[in-house]
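The block underneath contains the structure these notes are about, expressed in structure tokens.
Derivation of every value follows stated rules applied to the coordinates shown; laboratory data play no part. Everything quoted here is computed from the prediction, not taken from an experiment. All Cβ positions, even for glycine, are placed from backbone atoms using ideal geometry, and neighbour counts span all protein chains on display.
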Amino acid sequence: MSEKIAVNSLKAWLLGIRPASLGGALMTVFVGSGLAHNVSPETFSWTVAILCGVFACFMQVSANLINDVVDFKRGLDKDDPERIDRIYANGLLTRKAMNWGTVVCLTVGCLVGLVILSLVREHLAWGGWEIVLMGAVVVACTFLYSLVFAYHGMGDLAVLLCFGLIPVCGTFYVLTYTLTWEALWVAIIAGCSIDTLLILNNYRDRDEDPAAGKYTSVAILGEPFGRYLYLFAGLICLVMIALLFVGGRISWIGLLYASLPYLALHLYAWLKLNRIREGDALNELYYETPRNFSLLGLLLTIALW
């Protein structure tokens, strides 16, 4: 680490928040909002949509902080000055600070969720209890991902749930007061595209993870599985976009500009993954993969809008 960062400083907190990870959380709200405006513009509320984005961000930061502590405690993350993202392992944030940060983020996120509930409750079929249940699942997942899912081969399913089904369908529901098959398709697009980043991470660490007791799907099923899972996760997004076109939710022009750029970039990234396969050179894909799914989210939102 070329620059000395003070313990519990603002810069340390910014590293702990991992701003780059917020793109995935916001993408789910963008595409869910885009579909909601497409299906029911008369019920669409900018206030509720923005609050959904705030809620998603605070939950994501909470999960980041919890994951940092759990990975260190399990021996997966070790003190490494070159890995400045490991804020707890490197001592940039104390355990007390991490605990308080997690509590504050979860509390603020829950309060935002209650505000959303108060704004839409009268329009919901079950009086808002379904939103309370959904929020409780989100909070539980912020802990369960690091404690259970990520270490027992269920990380990909957890991402599909936490970065697809719950946030996309939840955003759509509070903006339209209903659920449709199209919401499920868009949720799969968000979840699968964001999962490519987790697949990449698991692929890179496939040999190191088992030593720390972390058995990801790639570590269990092998290197070829990881490579082709990365490809498949991106291609399934294109199938779901085609279903949106067949369902009349996007035009053929929208189909082309929402799918073709992502297809080209995803295939390029996958070919690079095939060529590199291991080592620090894979780090290039840590910039390209989130760029790809962020672009997909933006273009799909525009197509739906």
Taking the dipole of the range 10-304 about the Cα centre (Lys, Arg +1; Asp, Glu -1; charges at Cβ), the one of Val103, Tyr151, Ile50 that reaches farthest to the positive side is Val103
The ³J(HN,Hα) series, computed from each phi in the range 170-179 with the Karplus coefficients 6.51, -1.76 and 1.60 at θ = phi - 60°, rounded to the nearest Hz and given as x for glycine or proline, is x, 4, 4, 5, 6, 9, 10, 6, 8, 10
Pop the C-beta distance of Trp13 and Ala281 into the FRET formula with R0 = 25 Å and round what comes out to the nearest 0.05.
0.25
For the pair Ser40 and Thr178, how long in nm is the line joining their label points, each one 7 Å along Cα→Cβ?
0.7
Relative to the present Cα-Cα distance, how much length would full extension add between Ala264 and Val132 at 0.36 nm per residue of separation?
43.5 nm
List residues of the range 245-261, by number, whose backbone nitrogen lies under 16 Å from a label position 7 Å along Cα→C-beta of Ile302.
250-261
So Phe232 and His152, fully extended at 0.36 nm per residue minus their Cα-Cα distance, gain in nm 26.7 nm
Cβ-Cβ FRET estimate between Leu295 and Trp252, R0 fixed at 25 Å, reported to 0.05:
0.80
What residues have an amide H closer than 5 Å to that of His152, excluding those fewer than 5 places away on the same chain, when H is modeled at 1.01 Å from N in the peptide plane?
Tyr215
Output for the range 161-238: chymotrypsin sites (Phe, Trp or Tyr not before Pro) sitting in coil per DSSP, at most 16 other Cβ within 10 Å, listed by number, reads Tyr177
Enter the Cα centre distance for the pair the range 125-187 and the range 26-52, rounded to the nearest angstrom.
16
Length gained if Ala212 through Leu111 is fully extended, taking 0.36 nm per residue and subtracting the Cα-Cα distance, is 32.7 nm
